[in-house]
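Working notes, structure below.
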Amino acid sequence: MNATILQAIASRRRLRFTYHDRERLIEPQCYGAGRRGTELLRAHQLSGGTQREPLFNVAEIERLVMLDEAVHPPRAELQARRLGDGDDLRAALTPRVDRQAAQGT
């Protein structure tokens, strides 16, 4: 797991990074592993892309920087949303950990 992403979620701070050759400014919401073990980051995207709440493949993120800018609390529907169909939630802004996933069940 990426320590910078986890720290940003725990401390409610924004992230800046390059993804597919575009600089992104995001507020991280959920971070975890997909069904195939891919590390995924769900975020509220403030700039750099057209999707408002994209799902990023962490392996494709470059130049990741945690900013000294506060994240606004996520909307209720995003708090309840998982990373994607069948994916395990590892961290969220609440923050919380999916206990079944953490125990490997």
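Roughly how big is the range 1-75's charge dipole about its Cα centre, with Cβ charges of +1 (Lys, Arg) and -1 (Asp, Glu), in debye to the nearest 20? If you can, show how the numbers build up before the last one.
Details: 12 positive and 9 negative charges, 48 e Å.
My answer is approximately 240 debye.
Distant-in-sequence amide contacts of Gly49, defined by a placed amide H-H separation under 5 Å and a gap of 5 or more residues or a different chain, comprise nothing. Between Glu60 and Met1, the contour length at 0.36 nm per residue exceeds the alpha carbon distance by 19.8 nm.
Label separation (Ser47 vs Arg12): 2.3 nm, computed from points 7 Å beyond Cα along the C-beta direction. Once the chain from Arg35 to His72 is taken as fully extended at 0.36 nm per residue, the excess over their C-alpha distance is 10.4 nm. Remark: the range 58-63, residue by residue, has Karplus-estimated 3J(HN,Hα) of 4, 5, 9, 7, 10, 6 Hz, where x stands for each Gly or Pro and the curve is 6.51 cos²θ - 1.76 cosθ + 1.60 at θ = phi - 60°.
Since every read-out is calculated from the coordinates, none of them should be taken as a lab result. Please read all numbers here as calculations on a predicted model, not as lab measurements. Heads up, the Cβs are rebuilt from the backbone with ideal geometry, glycines too, and the neighbour counts pull from every protein chain shown.
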